Amino acid sequence: MTVLASAPAHAPTCGPKDVYAANCPCRSVLDLLADKWSALALGALEDGPQRFGAVKRRLEGVSPKVLTAVLRRLEDAGLVDRTVYPAVPLHVEYSLTPLGADACRPLAALRAWVEENIDRFPER
């Protein structure tokens, strides 16, 4: 017998999905993924689970407060898992969920495009 899983209770629904529509929940996901620190944090986790300090070192220039907020938003959105290991001191690791790994593919392409084309932009 095949059982079809229903959408998670927290998953927003809308009629035709249209990111240009003001009330479409796609907008909040686009806002999250288009954020510089979110895109970079997801990319930093592509190599596997990492502790907060390792993610912070990879994301040069991010403050601990901002990184904490970004990781919480990504966790709330189901893109990142946070695992706490009971040790002294506490050991916390962040890793991509399957949804987060899926999101990394287009974000990696965007990061690569930016790196390849940065010289085409006016000087900043």
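The values are calculated or read from the model by the stated rules, or taken from the named source; none is laboratory data. Not measured: the values here are computed from a predicted model. Cβ placement follows ideal geometry from the backbone for every residue including glycine, while neighbour counts extend to all protein chains displayed. Please note that ligands, DNA and RNA were not included when accessible areas were found on the heavy atoms of the full protein model with its side chains. Shrake-Rupley method; radii C 1.70, N 1.55, O 1.52, S 1.80 Å.
General remarks:
- Listed by first and then second residue, the pairs linking a residue in segment 102-121 that is modelled with pLDDT of 95 or more to a residue that is outside any helix (DSSP H, G or I) and open to solvent by less than 60 Å² (accessible area, probe 1.4 Å), with Cβ atoms under 7 Å apart and 6 or more places separating them unless they lie on different chains, are Ala103/Leu79; Cys104/Leu96.
Here is a yes/no grid of residues against (1) of a type in the set (Val, Ile, Thr); (2) under 15 Å from Val29 (Cα atoms); (3) surrounded by fewer than 14 Cβ atoms within 10 Å (Cβ to Cβ); (4) within 15 Å of the chain's Cα centre (by Cα):
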{"residue": "Ala54", "(1), (2), (3), (4)": "no, no, no, no"}
{"residue": "Gly61", "(1), (2), (3), (4)": "no, no, yes, no"}
{"residue": "Pro64", "(1), (2), (3), (4)": "no, no, yes, no"}
{"residue": "Gly78", "(1), (2), (3), (4)": "no, yes, no, yes"}
{"residue": "Thr97", "(1), (2), (3), (4)": "yes, no, no, yes"}
{"residue": "Val114", "(1), (2), (3), (4)": "yes, no, yes, no"}
{"residue": "Asp119", "(1), (2), (3), (4)": "no, no, yes, no"}
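- Test: residue in segment 77-97 that is in a helix (DSSP H, G or I), free of Cβ contacts under 8 Å to residues at least 24 places away in the same chain and farther than 25 Å from Lys17 by Cβ: no
- Residues that are open to solvent by 60 Å² or more (accessible area, probe 1.4 Å) and in contact with a His (Cβ under 9 Å, 6 or more places away or on another chain) were ranked within segment 80-90; the one that is farthest from Trp37 (Cα to Cα) is Tyr85.
- Here is the figure for segment 41-61: residues that are more than 14 Å from Arg72 (Cβ to Cβ) and either of a type in the set (Gly, Ala, Ser) or part of a strand (DSSP E or B) (or both) total 8.
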